[in-house]
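Student: One structure, as structure tokens, below. Some questions next.
Derivation of every value follows stated rules applied to the coordinates shown; laboratory data play no part. Here the structure is a predicted model, which is why all the values come from computation and not from measurement. Every residue, glycine as well, gets a Cβ built from its backbone with ideal geometry; the counts of neighbours run over all protein chains shown.
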Amino acid sequence: MKKLIITACICGAEVTKDHNPNVPYTVEEIAREAKSAYDAGASLIHLHVRWDDGTPTQDKGRFQECIDAIREVCPDVIIQPSTGGAVGMSDLERLQSTEVVPTPEMATLDCGTCNFGGDEIFVNSDNTIKNFARIMKERGIKPELEVFDKGMIDIALRMDRKGLLKHPLHFDFVLGVQMSATVRDLAFMAGSIPPGSTWTATGIGRHAWNIAAATIAMGGHVRVGFEDSVYIERGVLAESNGQMVEKVVKIAKLLGREIANPAEAREILGLPPFKG
Ligand code: KMH
Ligand code: ZN
């Protein structure tokens, strides 16, 4: 089995300090959380950014500041800006995170529209997805194909047939937002992608640890962090993203799976070696 890539989704766009006071907002807090995850074994940082008051933003300047600050303390980590942003943002706003310098190695590409709790709808029309995919391909950015239900795999594969994606494809299965966070659904997702693709999975909220354990056993890669869950165990708030990554490392060790460093993660994902 390939070594395990751990992605830390350190910030998100929806979770707040009211949920957990350790959720990062400022540039310093974001860099602190990235370093805690990196030191614990994360090779990839999935990045959203905020203004100091916690408001989510896709502002290019704010992304640049946060990425520069992360780079100072995590010299070789893979940084994957979100192009999902927060519900309700325009496509142009969302794409700003791909305009930083140097061009990101990866970015997320959300592959469909879904319910996002309460009255919220996360909108990704076919034309949005096509446009984002085309721009990422032109800029040499590897998309992480964000999948909230099986139909989104089918949409991604349609984009692939139009020549908008470069192989090997990399998927992220998000369980517990739209589709259920069950091992049955996880296995169905993992069995529905083309051979040679790589995949990461995350379980939202209390599902984080079951999905992490199943994913490690199945040979997938794991995402954890404040974006997806604020608890380290039932009723206990996590102190940091690093603490959550440490827990994944422990589960992986128990199951005999080694952890990938950033260079190994790049090789597994088919990314070119890091130039620095
Ligand atoms: N915040 C969600 C609306 C992504 O990063 O691409 C979208 C999201 C997915 O988090
Ligand atoms: Zn995200």
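Student: Filter the range 45-82 down to the residues that are assigned to a loop (DSSP other than H, G, I, E, B) and either surrounded by fewer than 19 Cβ atoms within 10 Å (Cβ to Cβ) or within 16 Å of ligand 2 (Cβ to nearest atom) (or both) and list them by number.
Tutor: Answer for the range 45-82, where residues must be assigned to a loop (DSSP other than H, G, I, E, B) and either surrounded by fewer than 19 Cβ atoms within 10 Å (Cβ to Cβ) or within 16 Å of ligand 2 (Cβ to nearest atom) (or both): HIS48, TRP51, ASP52, ASP53, GLY54, THR55, GLN58, ASP59, PRO75, ASP76, SER82.
Student: Answer yes or no as to whether CYS11 is within 15 Å of ligand 1 (Cβ to nearest atom), in contact with a strand residue (DSSP E or B) (Cβ under 7 Å, 6 or more places away or on another chain) and assigned to a loop (DSSP other than H, G, I, E, B).
Tutor: Details: within 15 Å of ligand 1 (Cβ to nearest atom): yes; in contact with a strand residue (DSSP E or B) (Cβ under 7 Å, 6 or more places away or on another chain): yes; assigned to a loop (DSSP other than H, G, I, E, B): yes.
So CYS11 fits the description; yes.
Student: Just a yes or no: is a residue in the range 93-114 within 18 Å of the chain's Cα centre (by Cα), over 24 Å from GLU33 (Cβ atoms) and touching a residue at least 60 places away in the same chain (Cβ under 8 Å)?
Tutor: The answer is yes, given that some residue of the range 93-114 is within 18 Å of the chain's Cα centre (by Cα), over 24 Å from GLU33 (Cβ atoms) and touching a residue at least 60 places away in the same chain (Cβ under 8 Å).
Quick grid of which residues meet (1) under 16 Å from GLY225 (Cα atoms); (2) more than 15 Å from ligand 1 (Cβ to nearest atom); (3) touching a helix residue (DSSP H, G or I) at 6+ places or on another chain (Cβ under 9 Å):
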residue	(1), (2), (3)
ALA31	yes, yes, yes
GLY41	yes, yes, yes
ASP52	no, yes, yes
THR57	no, no, yes
ALA69	no, yes, yes
SER90	no, no, no
GLY112	no, no, yes
ASN115	no, no, no
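Student: Only one of (1) touching a residue at least 24 places away in the same chain (Cβ under 8 Å); (2) hydroxyl-bearing (Ser, Thr, Tyr); (3) surrounded by fewer than 20 Cβ atoms within 10 Å (Cβ to Cβ) is not met by SER90, so which one is it?
Tutor: Result: SER90 passes all but (1).
Student: Turning to a different aspect of this structure: Please go through (1) in a loop (DSSP other than H, G, I, E, B); (2) surrounded by fewer than 23 Cβ atoms within 10 Å (Cβ to Cβ) for GLY85 and return the number of the only condition it doesn't satisfy.
Tutor: The one condition GLY85 does not meet is (2).
Student: Let me ask something additional. May I ask you to verify whether ALA34 is in a helix (DSSP H, G or I), over 21 Å from GLY203 (Cβ atoms) and within 15 Å of ligand 2 (Cβ to nearest atom)? Break it down into steps so the answer makes sense when it comes.
Tutor: Details: in a helix (DSSP H, G or I): yes; over 21 Å from GLY203 (Cβ atoms): yes; within 15 Å of ligand 2 (Cβ to nearest atom): yes.
For ALA34, the condition - in a helix (DSSP H, G or I), over 21 Å from GLY203 (Cβ atoms) and within 15 Å of ligand 2 (Cβ to nearest atom) - is met.
Student: Restricting to the range 219-243, name every residue that is closer than 22 Å to THR198 by Cα and within 16 Å of ligand 2 (Cβ to nearest atom).
Tutor: HIS221, VAL222, ARG223, VAL224, GLY225, GLU227, ASP228, listed by residue number.
Student: Let me ask something else about it. Which of (1) among the hydroxyl-bearing types (Ser, Thr, Tyr); (2) within 19 Å of LEU47 (Cα to Cα); (3) within 16 Å of ligand 1 (Cβ to nearest atom) is the odd one out, the single condition THR103 does not satisfy?
Tutor: With respect to (1) among the hydroxyl-bearing types (Ser, Thr, Tyr); (2) within 19 Å of LEU47 (Cα to Cα); (3) within 16 Å of ligand 1 (Cβ to nearest atom), THR103 is out only on (3).
Student: Can you name the residue in the range 260-276 that is among the small types (Gly, Ala, Ser) and part of a loop (DSSP other than H, G, I, E, B) and is also nearest to ALA40 (Cα to Cα) among such residues? Before the answer, list the steps.
Tutor: From the range 260-276, those among the small types (Gly, Ala, Ser) are 260, 263, 265, 270, 276; that's our starting set.
Still in the running and part of a loop (DSSP other than H, G, I, E, B): 260, 270, 276.
Numbers: ALA260: 12, GLY270: 23, GLY276: 21 Å.
Ranking the qualifying residues of the range 260-276, first place goes to ALA260.
Student: Suppose we filter the range 102-121 for residues that are in contact with a Ser or Thr (Cβ under 8 Å, 6 or more places away or on another chain), assigned to a strand (DSSP E or B) and crowded, with 21+ Cβ neighbours inside 10 Å; how many remain?
Tutor: At the first step, the residues of the range 102-121 found to be in contact with a Ser or Thr (Cβ under 8 Å, 6 or more places away or on another chain) are 104, 107-110, 113, 121.
Of the ones still in play, those that are also assigned to a strand (DSSP E or B) are 107-110, 121.
Keeping just the survivors that are crowded, with 21+ Cβ neighbours inside 10 Å gives 107-110.
Count: 4.
Student: Considering only residues that are under 18 Å from the mean Cα position of the chain (by Cα) and not in a helix (DSSP H, G or I), which ones fall in the range 125-139? So that I can check it myself, show each step before the final result.
Tutor: Here is the first cut: in the range 125-139, the residues under 18 Å from the mean Cα position of the chain (by Cα) are 129, 132-133, 136.
Of everything in the range 125-139, nothing turns out to be under 18 Å from the mean Cα position of the chain (by Cα) and not in a helix (DSSP H, G or I).
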